[in-house]
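The values are calculated or read from the model by the stated rules, or taken from the named source; none is laboratory data. Predicted, not measured: the structure shown is a model, and the values here were computed from it. Counting neighbours? That spans all protein chains shown, and the Cβs are built from the backbone with ideal geometry, glycine included. Just the protein is used for accessible areas: all its heavy atoms, side chains included, with ligands, DNA and RNA removed. Shrake-Rupley method; radii C 1.70, N 1.55, O 1.52, S 1.80 Å.
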Amino acid sequence: MSGNDAPQAPYLKLIKMTSFGAFTNEVVGPFSPHLNVVFGSNEAGKTTLASFVGGVLFGWEEARGNRNTYKPLNAERSGSLFFARDHIGDADEPNGSNEFGEAEEIELARTKNADGLVGDASLVADIDKETFQTMFSLTSDELRSLRNTTDVTAKLLTAGSGTGASPAHALADVQAQLAEYTSRAAGIEHSIVNLTARQNELRARMALAADEAERFKQQDKEFHELEPRRDELNERLDELNNRIEALSAYRAKLQKLEEEHVQFIAERDRLREEEASLESTRQAQAHRVDAALMGLSGAEDRALRDRIDAYLDEQAKIGHRVDVAKENHAESKASYEALLESGDRREAEDRARRQRRVQVALSVVLPLVFLCAGVPVLIHGRHITSLSFTALGIGLIVFALLLAGAALVMLFRPSKADEERAERLENAHWVMLQDQKKLESCRADQDELVEQIGAYLAGEGLSEAGGSLRRARALLDEAKDVRADATLFEQKRQACLARRSAIEDSLADVARQQERIYARIDLGPNATLVSLDAEIARRTQQRTSLLDTFEHMNRRYGELKQELTQAKHLKEFDELKLSYQQVRTRQNESARDYARLLLAKRMLEAAIAAWESKSQPEVYRQASRLLKIMTEGRWAKVAMTPEGRLQVTDAVKNVREPVHLSLGTCQQLYLSLRIALLLTADNVGRAIPILADDILVNFDASRRRGAARALTELGASRQVILFTCHEEIVAALQEADPQATIVEL
């Protein structure tokens with residue numbers, strides 16, 4: 001490796017189980033530094049493998065009860081973990097390998113817990129066993145809670161505080177020193193308990209030193225007899241106080257559970273009423289339309305509407321033809337009647353008749369006049385033999401005959417206006433008859449269509465429309481609305497059923513909690529709040545009696561103590577007094593040191609709280625983001641209340657506590673919290689893999705894919721090894737991270 005290479009964090013590459021459970025000289029791997037999936041059938045050894053890794057790092061589990069410790073019958077548990085540290089080398093050293101082309105390898109091994117961890121223990125220097133078991137070793141059952149949340153979270157969040165040591169570890173050291181000051185171990189000289197015991201011993205010796213007087217002896221004897229009785233009474237008082245406090249606490253819980261029970265019953269009754277109201281409303285809506293229309297599917301409704309639209313188009317076309325025929329018939333009839341009854345035509349006919357009469361009169365009168373004038377002239381001319389008169393008479397007669405001939409021609413010659421008028425009348429009458437026949441044909445088609453539409457609507461359950469297509473369409477719209485309302489009513493009813501089911505579950509949970517509490521207080525199978533109040537009152541009366549006895553004993557104790565101090569003039573008593581003062585001085589010094597340690601503890605706790613206040617918002621922000629990914633946006637926010645209760649908020653701002661979530665959603669919540677903690681505290685357990693044993697088994701397909709993306713994100717910064725026997729989980733993880741390493745058992 002070249003001089004400028006920068007080593008990366010080690011990661012677990014191989015697992016060798018020399019002797020562990022049913023495995024002997026079994027090697028599993030290799031693993032990559034990111035996401036790894038160990039796939040195997042049931043009983044293939046996945047849980048055994050996860051227990052082996054934790055055992056090598058932090059010690060084997062001791063045998064307790066029937067717990068499986070994986071210890072072989074004829075051998076010690078032993079094995080090794082091989083960690084690899086890749087290096088970012090020069091350009092001529094690919095993959096960060098050393099001069100031999102291999103990554104640096106670190107072996108951690110363990111055989112007996114007493115021998116400790118063999119190898120480079122610095123790999124586990126930044127994590128303890130409790131943090132590993134709580135945050136780095138995950139199972140589906142452990143996802144429901146964060147064990148020792150405060151302590152583990154504090155260690156994770158303050159590990160990178162920049163103080164040289166975690167405030168959480170410093171707090172642990174202070175707590176250890178405080179434990180020494182309250183320890184009863186004989187070798188701890190500054191123990192307040194031991195100094196108090198020594199002080200009591202010297203006090204007893206001073207009482208014994210006053211044996212020169214029988215009175216002092218008797219008083220000393222009584223004094224020493226009072227001490228255990230006082231302790232016994234004090235212990236009994238403590239027991240009674242603890243019992244009364246416990247009973248009071250249980251009573252408060254039972255009272256709260258009873259109130260919740262009443263609220264749940266009221267809510268259940270309200271939901272039942274709401275369901276009944278929805279059902280009655282739905283039935284009333286269903287009676288508004290024909291049953292056949294209620295059963296229409298979406299395709300049938302569309303087909304019926306299309307047919308009605310086609311009939312409407314056809315009806316409009318026939319109506320248009322009828323209207324056109326009516327207009328044409330009206331126009332032709334009007335034209336014909338106009339020709340028959342027109343006022344101008346009658347005036348023309350009257351004028352023509354008058355002219356005809358004038359012509360007839362003239363054609364008769366004028367020839368007669370000229371004839372009457374010509375005949376006498378002719379006769380007179382012939383009589384007088386006058387050629388001129390004769391010629392004149394003949395001329396008048398001829399002219400009269402010509403006028404008569406012309407009049408006859410004019411009388412019998414047909415009139416052109418009459419011919420034209422007769423022709424127009426005939427044409428108008430023929431057009432009127434044709435338009436009338438066309439109108440009757442269109443009306444017959446219209447009547448036939450009306451009958452066809454009525455039959456079709458009656459056959460489709462729309463007889464109420466009375467043959468009206470628009471009314472039929474309105475009925476279809478009404479039926480569609482009723483069907484939509486029925487669907488909405490059903491959704492509301494299902495929602496009510498779901499809420500009522502949840503309330504029934506809550507009622508059952510309340511009943512179980514009440515049964516557990518009554519079982520704990522041991523008041524019999526028929527215990528009630530009344531019997532619990534009676535038990536509290538009885539215990540309180542006992543405490544009052546014991547307090548009176550204890551007060552009387554304390555007064556006697558003080559009197560005896562005052563009497564015994566009169567023996568100070570004795571030499572032994574003075575020596576004992578000096579020793580007593582020395583012990584008391586040391587006790588005061590220990591008390592001051594104890595007070596300083598208590599102050600340091602409070603300061604460290606305040607420092608941890610400050611670190612948590614800075615880091616926790618990022619943890620919950622990351623947890624909210626991861627939970628949103630896992631649930632596809634169904635749950636959007638994770639937060640901690642000022643009272644220390646965890647809460648989640650869904651996409652529509654409904655707030656729930658984990659106890660009200662389903663098993664899968666609850667596991668997704670705690671998985672997102674753990675991943676967020678691990679992402680935030682990236683300098684804790686940098687070389688330690690995260691072991692996850694079938695943690696996605698309770699997730700549905702979509703949320704499994706979301707959890708796989710979250711684990712892939714964690715695998716980008718830490719080594720993750722997930723054990724599973726489900727092929728669909730392997731497929732989901734490969735889909736989220738195509739580079740994931742698959743190891744089959």
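Key figures for this structure:
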quantity	calculated
Some residue of the stretch 46-59 being touching a strand residue (DSSP E or B) at 6+ places or on another chain (Cβ under 7 Å), of a type outside the set (Val, Ile, Thr), surrounded by fewer than 17 Cβ atoms within 10 Å (Cβ to Cβ) and at pLDDT below 85	no
Residue count, the stretch 71-106 (criterion: at pLDDT 80 or above and either farther than 20 Å from residue 28 by Cα or in a loop (DSSP other than H, G, I, E, B) (or both))	4
Residue selected from the stretch 676-690 under the condition assigned to a loop (DSSP other than H, G, I, E, B) and either out of contact with any Phe, Trp or Tyr (no Cβ under 8 Å at 6 or more places or on another chain) or among the polar types (S, T, N, Q) (or both), by the criterion nearest to residue 56 (Cα to Cα)	686
Matching option when the condition is modelled with pLDDT under 85 and out of contact with any helix residue (DSSP H, G or I) (no Cβ under 7 Å at 6 or more places or on another chain), among 702, 662	662
Complete set of residues in the stretch 33-54 that are in contact with a Ser or Thr (Cβ under 9 Å, 6 or more places away or on another chain) and assigned to a helix (DSSP H, G or I)	46, 47, 50, 51, 53, 54
Subset tally (residues that are touching a Phe, Trp or Tyr at 6+ places or on another chain (Cβ under 6 Å) and of a type in the set (D, E, K, R)) for the stretch 9-39	1
Only listed residue being at pLDDT 70 or above, under 60 Å from the mean Cα position of the chain (by Cα) and open to solvent by 80 Å² or more (accessible area, probe 1.4 Å), chosen from 313, 301	313
So residue 109, is it assigned to a helix (DSSP H, G or I), surrounded by fewer than 19 Cβ atoms within 10 Å (Cβ to Cβ) and at pLDDT 65 or above	no
Flag for residue 520 being within 23 Å of residue 252 (Cβ to Cβ), over 37 Å from the mean Cα position of the chain (by Cα) and either at pLDDT 85 or above or not in a helix (DSSP H, G or I) (or both)	no
Members of the stretch 698-728 found to be touching a strand residue (DSSP E or B) at 6+ places or on another chain (Cβ under 8 Å) and either free of Cβ contacts under 8 Å to residues at least 12 places away in the same chain or part of a helix (DSSP H, G or I) (or both), listed by number	711, 712, 714, 715, 727
Cβ-Cβ under 9 Å pairs, at least 6 apart or on other chains, the stretch 7-28 side within 16 Å of residue 720 (Cα to Cα), far side buried (at least 20 other Cβ atoms within 10 Å of the Cβ) and of a type in the set (D, E, K, R)	9/718; 11/718; 28/16
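For every residue, the table says whether it meets (1) more than 30 Å from residue 246 (Cα to Cα); (2) open to solvent by less than 60 Å² (accessible area, probe 1.4 Å); (3) in contact with a Ser or Thr (Cβ under 6 Å, 6 or more places away or on another chain); (4) modelled with pLDDT under 70.
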| residue | (1), (2), (3), (4) |
| --- | --- |
| 516 | no, no, no, no |
| 527 | no, yes, no, no |
| 532 | no, yes, no, no |
| 540 | no, yes, no, no |
| 553 | no, yes, no, no |
| 558 | yes, yes, no, no |
| 572 | yes, no, no, yes |
| 590 | yes, yes, no, no |
| 614 | yes, no, no, yes |
